[in-house]
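The structure appears below as structure tokens.
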Amino acid sequence: MQISFAVVIGLLATSISAIPTRHQQSSEEHVTVQFTNDLTGASASASIQISGRGLKISHLLKDTNIDSHGKIVASSIQMTKIVQGVHCYMTDHHDKNIADITDTHTFSDLDGNPNAAKPIRIEKAHILCKWK
């Protein structure tokens, strides 16, 4: 049995085209993060550019369901539009980390106690999303 050169080239071309490619990273892409007050049921979502630049929560969530005259309160965040290879950090006004969410760990409790839903004020906090 002799395999022809054309068959070998065809199989090689098929196997190369089947190799998965890494997601092209673009600063034009966005994730969507939902901020929720689990005690009241109020929530708001924000589209966040994957740029590595910190954004003020007060600007993102102004005049939403969880904004009460500039006081923004939430107990959890969740990435609802997920982009592979993204990591989002939320920090307080002292740059202390409050929460991390990624494409594989999409939910984070903000008060640090997963057994309780204690909302915290986040209007002075920042969030940034970047490629891992």
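Rule-based calculations on the coordinates, nothing more; no lab input. A quick note: this is a predicted structure, and the numbers were derived from the prediction, not measured. Positions of Cβ are backbone-derived with ideal geometry, glycine not excepted, and every protein chain shown enters the neighbour counts.
If each of Arg121 and Lys56 carries a label point 7 Å out from its Cα toward its Cβ, how far apart are those two points in nm?
With each label placed 7 Å out from Cα toward Cβ, I get 1.5 nm.
Among 45-54, 120-129, how do they line up by average Cβ neighbours within 10 Å per residue, starting with the highest? List each step's numbers first, then the result.
Numbers: 45-54: 15.8, 120-129: 19.5.
For the peptides 45-54, 120-129, the packing ranking is 120-129, 45-54.
Determine, for each peptide in 94-103, 28-37, the mean count of other beta carbons within 10 angstrom over its residues, then list the peptides with the highest first. Spell out each step's value before the answer.
Numbers: 94-103: 14.2, 28-37: 18.8.
Ranking, from highest mean packing down: 28-37, 94-103.
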